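A short worksheet on the structure shown next.
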Amino acid sequence: MEAERKELMERREGDEMIRMTLCGGQVRVMMCETTAMVQRAADIHNATPVCTAAMGRLMTATSMLSVMMKGERESVTVNIKGGGPMGTLTAVGDHGDIKVCADDPQVELPLRADGKLDVGGAIGKDGFMTVIKDLGLREPYIGQIELVSGELGIDFANYYTVSEQSPSLVALGVLVSGDAVLKAGGLLIQPLPGCPDEVIDQIELRSPMFADLSREMTFAPKEELLEDWFRGMDLQVLDRTPLRYHCSCSRHRMEKALISLGRRELNTIIDEDTGAELGCHFCHSKYAFSTADLRELLEKATRE
Ligand SMILES: [Zn+2]
């Protein structure tokens, strides 16, 4: 088991986003592998298979939004509140660095009638998806749509169509076996304005080929799949971006969070004399502050 696990880990180095075009730039295509980052999320959150699949699909879709952000200081946060037993899911993408958390990542649900993990049941479809693009110095962009399925692929396609006026095909896949993520990835296809109907028809005709994306990815390398799917459509690779699970929390950021509680709240914690321990929701790092540390922070807050 240990050897098998190690072999899996070693094979999981290839998380990346490939950006491409079809038909002389009339269609934008993105394909990514996210196996390693989804495994990291499963391990950090001690997630059940259905929650691993839900968080994995969300991270995969968030990484697509994230690599489209151009500015160095830009990032994207996606919030899913569907009323299901997992509660709220949040993913943050900072270019190639993605992280995720959920209220309850230990939810267990029976398999669906077709034998698949019930991601839609875990997330729920009675609620909203909110996309917040932090544009650095400018006002953030906030787009919100009602969830249609909670399975996320359709929901993200709907988001692109409704909020960004960019009709899209989105396929998200996470293949889980026990606590191991065998394969995870996603595909986004966006015909650009003016794209001829024949090209769109071609894509629709081929769409059953990427319906079970993560399983397809276990059979052949990404490049081979892409060549196969888009044969005769002038596939051009624009660039490749490495992806990883990464949380940039730090003691300094936690200090800022404590200071933002305000003087009165800080004084209350100091009077209780039990110190404070802050945990990061995304990576489970713990930051301990003694009463003396808190006094120092209070002084700093008062000076500022
Ligand atoms: Zn963290």
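The values are calculated or read from the model by the stated rules, or taken from the named source; none is laboratory data. Fair warning: this is a prediction, and the values are worked out from it, not measured in the lab. Backbone-built Cβ (ideal geometry, glycine too); neighbour counts: all protein chains shown.
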State yes or no: is Met69 crowded, with 21+ Cβ neighbours inside 10 Å and away from the ligand (no atom under 16 Å from the Cβ)?
no
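Condition check ((1) more than 21 Å from Lys99 (Cβ to Cβ); (2) surrounded by 12 or more Cβ atoms within 10 Å (Cβ to Cβ)) across all residues:
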position	(1), (2)
Arg251	no, yes
Met254	no, yes
Leu261	yes, yes
Leu266	yes, yes
Ile269	yes, yes
Glu272	yes, no
Gly275	yes, yes
Phe282	no, yes
Lys286	no, no
Please identify the pairs in which a residue from the range 279-304 that is among the charged types (D, E, K, R) has its Cβ atom under 7 Å from the Cβ atom of a residue that is within 16 Å of the ligand (Cβ to nearest atom), counting only partners at least 6 apart or on another chain.
Lys286/Glu277; Lys286/Gly279
Hey, among Gly178, Gly96, which residue is touching a residue at least 24 places away in the same chain (Cβ under 8 Å), away from the ligand (no atom under 16 Å from the Cβ), assigned by TED's automatic domain parsing to the domain that holds Gly14 and touching a strand residue (DSSP E or B) at 6+ places or on another chain (Cβ under 7 Å)?
Gly96
Kindly establish whether Arg215 is in contact with a Gly (Cβ under 9 Å, 6 or more places away or on another chain) and either crowded, with 20+ Cβ neighbours inside 10 Å or assigned by TED's automatic domain parsing to the domain that holds Pro49 (or both).
yes
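For Glu227, indicate whether it is in the same structural domain as Thr90 (by TED's automatic domain parsing) and either surrounded by fewer than 16 Cβ atoms within 10 Å (Cβ to Cβ) or more than 34 Å from the chain's Cα centre (by Cα) (or both).
Numbers: in the same structural domain as Thr90 (by TED's automatic domain parsing): yes; either surrounded by fewer than 16 Cβ atoms within 10 Å (Cβ to Cβ) or more than 34 Å from the chain's Cα centre (by Cα) (or both): yes.
Considered against the rule, which asks whether it is in the same structural domain as Thr90 (by TED's automatic domain parsing) and either surrounded by fewer than 16 Cβ atoms within 10 Å (Cβ to Cβ) or more than 34 Å from the chain's Cα centre (by Cα) (or both), Glu227 comes out as yes.
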Candidate set from the range 123-182 (those that are acidic (Asp, Glu) and surrounded by 15 or more Cβ atoms within 10 Å (Cβ to Cβ)); member that is farthest from Thr218 (Cα to Cα):
Asp134
Within the range 117-132, track down each residue that is closer than 19 Å to Ser163 by Cβ and not in a strand (DSSP E or B).
Ile123, Lys125, Gly127
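In this structure, does Leu258 turn out to be more than 24 Å from Val181 (Cβ to Cβ) and not assigned by TED's automatic domain parsing to the domain that holds Glu33?
Criteria met by Leu258.
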Consider Asp114 against the criteria (1) at pLDDT 95 or above; (2) not in a helix (DSSP H, G or I): it satisfies all of them except one. Which criterion is unmet?
(1)
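Grab the strands (runs of 3 or more DSSP E) fully contained in the range 133-201, keeping just those with 1 or more residues being among the charged types (D, E, K, R) and farther than 19 Å from Val76 by Cβ.
Answer list for the range 133-201: 141-146, 180-191.
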On the basis of being touching a Ser or Thr at 6+ places or on another chain (Cβ under 7 Å) and among the aliphatic types (A, V, I, L, M), does Leu278 make the cut?
no
Of the conditions (1) of a type outside the set (A, V, I, L, M); (2) surrounded by fewer than 18 Cβ atoms within 10 Å (Cβ to Cβ); (3) within 20 Å of the chain's Cα centre (by Cα), Pro196 clears all except one; give me its number.
(3)
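Among the residues of the range 247-290, which ones are under 30 Å from Val29 (Cα atoms) and more than 9 Å from the ligand (Cβ to nearest atom)? Steps first, answer last, please.
Initially, the range 247-290 is screened for residues under 30 Å from Val29 (Cα atoms), giving 247-248, 282.
Once the filter is applied, which keeps residues that are under 30 Å from Val29 (Cα atoms) and more than 9 Å from the ligand (Cβ to nearest atom), the range 247-290 yields nothing.
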